[in-house]
Amino acid sequence: MLSRTADHLYWMARYLERAECLARMLDAQYRLSLLPRPPEAALQGWTATLVSLGMEQGFLAQHGAVTPRSAFDYLAFDREHPGSILRCLQAARENARAVRGTITSEVWETLNETWLQSRSFGTHVPEHSRGEFLEWVKYRAHLTRGVIEGTMLRDEAICFVRIGTFLERADNTTRLLEARWRDPGGSGERLANEASEWGVLLRAMSAFELYRRVCREGVTPLRVTALLLMREDFPQAVHRCLDELQSHLAAVANDQSGDTVRRAGELHAQFHYGRFEELCADGVAAFLDRVQARLRDLGCRIANDFLVPLGAA
Amino acid sequence: MLDADAQARPHCRQYWSWLTEQPRQHLAQKRAEADALFHRLGITFAVYGETAGTERLIPFDIVPRILPAEEWRRLEAGLKQRVRALNAFIADIYHDQEILRAGRIPAEDVLCNAQYRPEMQGIDVPGGIYAHIAGIDVVRDGDGVFHVLEDNLRVPSGVSYMLENRRMMMRLFPELFARHAVRPVEHYPDVLLENLKSVAPAGITDPAVVLLTPGACNSAYFEHAFLAQQMGIELVEGQDLFVRDEALYMRTTRGPQRVHVVYRRIDDDFLDPLSFRTDSLLGVPGLLHAYRAGNVTIANAIGTGIADDKSIYPYVPEMVRFYLGEEPILANVQTWILRNPEHRAYVLDHLPELVVKEVHGAGGYGMLIGPAATSLQIEEFRARIRAHPERYIAQPTLCLSTSPTFVDEGIAPRHVDLRPFVLSGREITLVPGGLTRVALREGSLVVNSSQGGGTKDTWVLGD
């Protein structure tokens with residue numbers, strides 16, 4: 001397969017996944033805003049979300065100060081902001097368009113239709129319809145994944161789609177947790193609220209029911225964090241994503257990818273054989289930082305070994 | 001479709017009676033359905049000069065153009081003959097130039113032409129074929145006879161619309177195909193791939209064929225992606241290819257892989273920055289070396305523009321006589337060459353009746369349609385012709401035939417042309433059909449999609 005084709009498939013998948021993860025993060029913040037919290041806690045939550053995404057500077061340069069409404073619009077609808085959901089959906093579609101000969105026409109039509117429909121959303125969307133928008137994003141992402149699974153040939157192409165999907169998802173799960181840990185309203189003193197605040201996070205990750213099934217104890221920050229990092233059977237968990245990443249990387253291995261496969265395996269082993277308490281011995285935030293750095297490194301290596309090296313295009 | 005008394009011609013009678021029975025609302029609904037489908041399928045084209053990323057639909061007319069078997073047979077024979085002569089001409093020009101020595105075409109018209117590529121002189125190409133894919137534009141004049149308006153031998157486009165229009169018609173009106181013996185066109189990609197494989201460098205048994213596109217910003221990108229997918233070959237951009245030791249490779253996830261045949265949809269000028277335009281980012285450095293070494297076939301070959309240039313066009317009938325010893329089956333449209341003083345004098349006296357075209361223009365840009373022009377425009381062209389007569393040709397304003405078309409006012413006549421696609425490999429083939437373009441504005445003669453033209457499905461009927 002052409003390296004450039006693999007590159008477009010990989011980024012098509014990453015942008016789609018990123019749009020979905022952004023929708024989940026916004027969903028978490030949106031639901032939190034419905035809880036009886038002091039207004040400053042809500043603002044801290046939005047600031048923490050922007051910081052964990054690395055978008056705080058860009059946002060402040062444009063808007064000056066954080067308000068729930070402006071943060072939501074910036075992350076969801078802002079067509080000038082390359083990190084917004086609408087721009088991610090557009091980027092996914094542009095990448096798909098570049099390889100529409102490689103993906104099935106069903107996959108292309110699904111992504112194209114998502115983009116066509118996305119054009120009707122914008123900052124004019126009334127407050128009460130914002131939840132619907134987030135639901136729509138998640139639904140289109142589910143649909144697209146289903147169409148990919150249901151129609152694409154099991155060859156290299158789908159491997160690169162999955163590599164993009166799971167690398168992006170692992171990264172986003174860590175960012176979502178990071179945002180929650182940075183938001184002081186979500187940990188520490190106010191224990192009464194804690195359970196509901198972390199419950200909100202679980203719901204945003206479609207994980208609340210799963211949590212109840214696998215963990216019959218009360219919702220605490222550490223338990224939720226452990227679940228979203230370490231469970232191998234949970235679709236959004238980093239461990240699960242690394243399982244997938246490792247096996248698809250092995251399937252496309254070439255002459256120069258040995259070290260990349262090894263590093264992916266090394267990271268996976270931490271989650272597979274490591275103890276959560278030991279990994280987080282110096283704090284959850286520090287561990288999340290380390291994992292993000294490793295994922296970034298893997299992204300660069302994958303680009304160099306298989307795709308169009310970053311910055312070369 | 002209709003004769004002078006507005007009666008359906010015999011081969012269209014059945015369709016016409018069906019069409020006239022359809023309520024207008026039903027047809028409008030079908031047209032809306034087609035538009036929605038084309039949007040969802042992303043069958044769009046980019047318009048140059050508009051905001052980046054603007055994508056538009058080419059309007060699709062749901063009334064097909066219908067050609068009877070007998071008429072197609074004659075057209076097919078004429079097109080094959082013409083393309084055979086054109087290929088012979090290009091081969092001759094880049095080798096012994098016998099036609100120039102015989103004085104049938106003025107040597108300076110060819111050798112001083114910007115489309116003549118001295119780099120090609122003496123290069124042998126597989127099978128002696130240069131124009132593997134030719135899109136020949138034909139129009140029916142007032143006398144009802146097909147004339148060739150233009151030969152497109154560089155990177156002719158539009159075939160994807162021929163295929164998609166048929167697919168759309170079968171989806172919208174399956175019942176019509178049950179009732180009419182419409183000859184199929186969907187095997188075009190298979191024929192094309194076979195042809196491309198057949199011109200691979202000597203000794204290659206399982207050639208790797210790729211389609212080279214300028215990229216997703218090109219106006220015909222949909223077609224490039226579509227054809228690559230239909231043929232099951234890689235759609236590559238210049239950055240995906242490189243030349244090493246006079247051989248062409250593509251960069252893949254498993255390392256470099258040899259490429260033997262390039263179906264290119266990039267103009268000559270951009271193919272190789274080492275040999276042509278040095279600022280081209282679309283091409284492949286060193287491609288011409290690999291080509292000259294005979295390690296890769298480029299289709300269409302470099303330098304085919306010498307045969308489809310508007311200043312060479314008047315000589316094509318002479319080529320048929322010279323190379324094939326036959327009389328041309330298809331006639332040209334009468335053409336005045338403005339470099340010629342007698343022709344020029346006539347044209348300058350008759351500008352309001354004539355169509356003046358730039359020799360190197362394309363896409364319906366830079367032309368004067370005398371009868372539709374203001375006196376100011378005519379004077380402007382007069383000055384331009386006087387300044388650079390060699391840049392222009394003139395033709396009579398054709399009484400282009402019309403075909404019934406579904407427009408806002410209902411079914412109405414609109415002017416059409418036809419571009420069949422002629423494929424040359426081991427033999428010359430064409431699928432029965434082509435791209436019918438239609439000028440949707442009442443009275444307009446310009447069918448180009450960049451100028452508000454639309455397309456129709458083209459039905460060639462079986463015997």
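Return a whole-number percent for the relative contact order of the range A:3-305, with Cα pairs under 8 Å and 6 or more residues apart as the contact set.
Values: 345 pairs, mean separation 68.1, N = 303.
This gives 22 percent for the range A:3-305.
What nm distance separates the two modelled labels at B:ALA387 and B:ARG183, each placed 7 Å from Cα along Cα→Cβ?
Rounded to a tenth, the inter-label distance reads 4.8 nm.
With the cut-off at 1.5 for a/c, could you classify the protein assembly as shown from its C-alpha gyration tensor as rounded, prolate or oblate? List each step's numbers first, then the result.
Working: a/c = 2.49, a/b = 1.90, b/c = 1.31.
Prolate shape, in that a/c is at least 1.5 and a/b is the bigger ratio.
How big, in percent, is the set of alpha carbon pairs in the range B:121-187 lying more than 15 Å apart? Can you show the working numbers first?
Numbers: 1573 of 2211 pairs.
Value for the range B:121-187 (Cα pairs over 15 Å): 71 percent.
Using the beta-carbon distance between A:ASP289 and A:ALA61 and R0 = 30 Å, what value does 1/(1 + (r/R0)^6) give for FRET efficiency, to the nearest 0.05?
FRET efficiency, A:ASP289 to A:ALA61: 0.80.
Please say if chain A is rounded, prolate or oblate, where rounded means a/c under 1.5 for a ≥ b ≥ c the square roots of the C-alpha gyration tensor eigenvalues, and otherwise the choice is prolate for a/b larger than b/c and oblate otherwise?
oblate
Return the aspartates and glutamates within reach of B:LYS197: Cα separation strictly under 16 angstrom, same-chain partners fewer than 8 residues apart disregarded; answer none if there are no such residues.
Cross-link targets: B:ASP206, B:GLU234, B:GLU427.
How far is the Cα center of the range B:76-117 from the Cα center of the range B:148-167, in Å?
One Cα centre to the other: 23 Å.
Where does the range B:71-155 land on the Kirkwood hydrodynamic radius, alpha-carbon pairs, in angstrom?
Hydrodynamic radius (Kirkwood, Cα only) of the range B:71-155 equals 14.5 Å.
Could you give the DSSP H helices of chain B that reach 27 angstrom or more along their long axis (alpha carbon positions) and whose average Kyte-Doolittle hydropathy is no lower than -1.0?
Helices meeting the criterion: B:69-93.
Once every DSSP H run of n ≥ 4 in the protein assembly as shown is given -39500 (n - 2.57) and the sum is divided by its residues, what mean residue ellipticity at 222 nm do you get, rounded to the nearest 500 deg cm²/dmol?
The helix-only estimate for the protein assembly as shown comes to -15000 deg cm²/dmol at 222 nm.
Between B:HIS39 and A:ALA253, how high is the FRET efficiency from 1/(1 + (r/R0)^6) when r is the Cβ-Cβ distance and R₀ = 35 Å? Nearest 0.05.
With a Förster radius of 35 Å, E is 0.30.
Tell me, A:TYR273, A:TYR15, B:TYR130 in order of fewest to most beta-carbon neighbours within 10 Å?
Fewest-to-most ranking of A:TYR273, A:TYR15, B:TYR130: A:TYR273, A:TYR15, B:TYR130.
Less than 12 Å apart at the alpha-carbon level, and either on another chain or at least 8 residues along: which aspartates and glutamates does that give for B:LYS456?
Candidates past the 8-residue exclusion: B:ASP61, B:GLU164, B:ASP417.
Can you figure out the FRET efficiency of B:GLU108 with A:ARG203, using R₀ = 45 Å and their beta-carbon distance, to the nearest 0.05?
That gives a FRET efficiency of 0.05.
HN-Hα J couplings of the range B:130-143 from phi, Karplus 6.51/-1.76/1.60, θ = phi - 60°, integer Hz, Gly and Pro as x?
10, 9, 6, 10, 10, x, 9, 7, 10, 9, 9, 8, x, 7
Of B:LEU227, B:LEU282, A:GLY164, which is farthest along the charge dipole of the protein assembly as shown in the positive direction, counting Lys and Arg as +1 and Asp and Glu as -1 at C-beta?
A:GLY164
How big is the antiparallel share of DSSP beta bridges in the protein assembly as shown, given as a percent to the nearest 5?
75
How big is the gap, in Å, between the Cα center of the range A:277-305 and the Cα center of the range A:119-188?
20
Mind checking the full-extension length gain between B:GLU379 and B:ASP96? Use 0.36 nm per residue of separation minus the Cα-Cα distance, one decimal, nm.
97.6 nm
In the range B:136-174, which residues have a backbone nitrogen under 20 Å from the label point lying 7 Å from B:HIS26's Cα in the Cα-to-Cβ direction?
Flagged as within label range: B:168-174.
Hey, how many Å between the Cα centroid of the range B:400-462 and the Cα centroid of the range B:303-346?
The range B:400-462 and the range B:303-346 have Cα centres separated by 24 Å.
Going by the alpha-carbon gyration tensor, a ≥ b ≥ c the square roots of its eigenvalues, is chain B rounded (a/c under 1.5) or, if a/c is not under 1.5, prolate (a/b greater than b/c) versus oblate?
Taking the square roots of the gyration eigenvalues as a ≥ b ≥ c, chain B is oblate.
No value in this document is a laboratory result; all are computed from the given coordinates. Model, not experiment: these values are computed from the prediction. Positions of Cβ are backbone-derived with ideal geometry, glycine not excepted, and every protein chain shown enters the neighbour counts.
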